[in-house]
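**Q** One structure coming up, written as C-alpha cells, with questions to follow.
The values are calculated or read from the model by the stated rules, or taken from the named source; none is laboratory data. Small disclaimer: the values here were computed from a predicted structure and weren't measured. Using ideal geometry, Cβ is built from the backbone for each residue, glycine included, and neighbour counts are taken over all protein chains shown.
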Amino acid sequence: MGGPADLRMHSDAPVRFFTVTEANALIPRLEHLFRRIDPTLARLRELRDLIDDAESYWGDGLVAAPAKDRDAYADALAEQSDLERSVQATIDEIHALGCELKDVGRGLVDFPARIGTEVAYLCWHAHRDRGCVPVLAARRGPPRLVAHAGGRLRGPEGSHA
C-alpha cells in the first residue's frame with residue numbers, strides 16, 4: 001500500500017530563480033492545482049483508513065474474508081492506486097512550473113530566488129479553508145516573515161527578489 005512517502009516531492013530539474021513578480025504570476029495556477037488536489041488527498045486518507053481497517057480485521061490480502069469484502073478491498077486498492085497517480089501528476093505539474101513543493105497536504109510551495117547576492121526562498125502557503133494566508137519568507141537560516149498582502153508576495157525593500 002502506498003503512502004505519502006511514496007510520492008516524489010522534489011524535482012530533479014535545474015533550479016530556476018524567481019522574482020516576486022514571476023512568483024506572483026504563478027499563484028493563480030497553484031491555487032487551481034491545490035483546489036484540484038485537496039479532495040483527492042482527502043479521499044486517499046479515507047481509502048487508506050478503510051484498507052488498514054480491512055487488513056487489521058482480515059489480515060493482509062483478506063484471504064479469509066468473504067468474496068464481497070475481498071472485492072470491495074480490491075476496488076479500494078485500485079482506486080487508491082489511481083488517486084496516487086493523479087496526485088503525482090499534479091505534483092509533477094507544480095515541479096514543471098519551477099517551484100519546490102515542500103508539503104503537498106499543507107500546500108507549502110517555495111520559489112527559489114536571489115535576494116541581493118544570497119539565495120533565498122519566496123515561500124507561499126496555499127489559502128485554505130483553515131484560514132491560512134499566503135506569505136513571503138526569505139529563508140537564510142531561520143525563517144523570517146517578510147511581508148504578505150492580499151494573497152500576493154511582496155519582496156523586502158531593496159531586494160532583487
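**Q** Looking only at region 79-94, decide whether some residue is over 30 Å from THR19 (Cβ atoms) and of a type in the set (Lys, Arg).
**A** yes
**Q** Return the only residue of ASP12, ASP82, ASP38 being more than 12 Å from the chain's Cα centre (by Cα), modelled with pLDDT under 95 and either exposed (fewer than 12 other Cβ atoms within 10 Å of the Cβ) or not in a strand (DSSP E or B) (or both).
**A** So the residue among ASP12, ASP82, ASP38 that is more than 12 Å from the chain's Cα centre (by Cα), modelled with pLDDT under 95 and either exposed (fewer than 12 other Cβ atoms within 10 Å of the Cβ) or not in a strand (DSSP E or B) (or both) is ASP12.
**Q** Pull out all pairs, ordered by first then second residue, where Cβ-Cβ is under 7 Å, the residues are six or more apart or on different chains, the first lies in region 64-78 and is farther than 11 Å from ILE51 by Cα and assigned to a helix (DSSP H, G or I), and the second is among the β-branched types (Val, Ile, Thr) and modelled with pLDDT of 95 or more.
**A** Partner pairs satisfying both residue conditions: none exist.
**Q** I'd like to check something: does region 104-127 contain any residue that is surrounded by fewer than 17 Cβ atoms within 10 Å (Cβ to Cβ), modelled with pLDDT of 85 or more, under 17 Å from ILE27 (Cβ atoms) and among the hydrophobic types (A, V, I, L, M, F, W, C)?
**A** yes
**Q** Identify all residues within region 59-73 that are exposed (fewer than 12 other Cβ atoms within 10 Å of the Cβ) and at negative phi; write none if there are none.
**A** ASP60, VAL63, ALA64, PRO66, ALA67, LYS68
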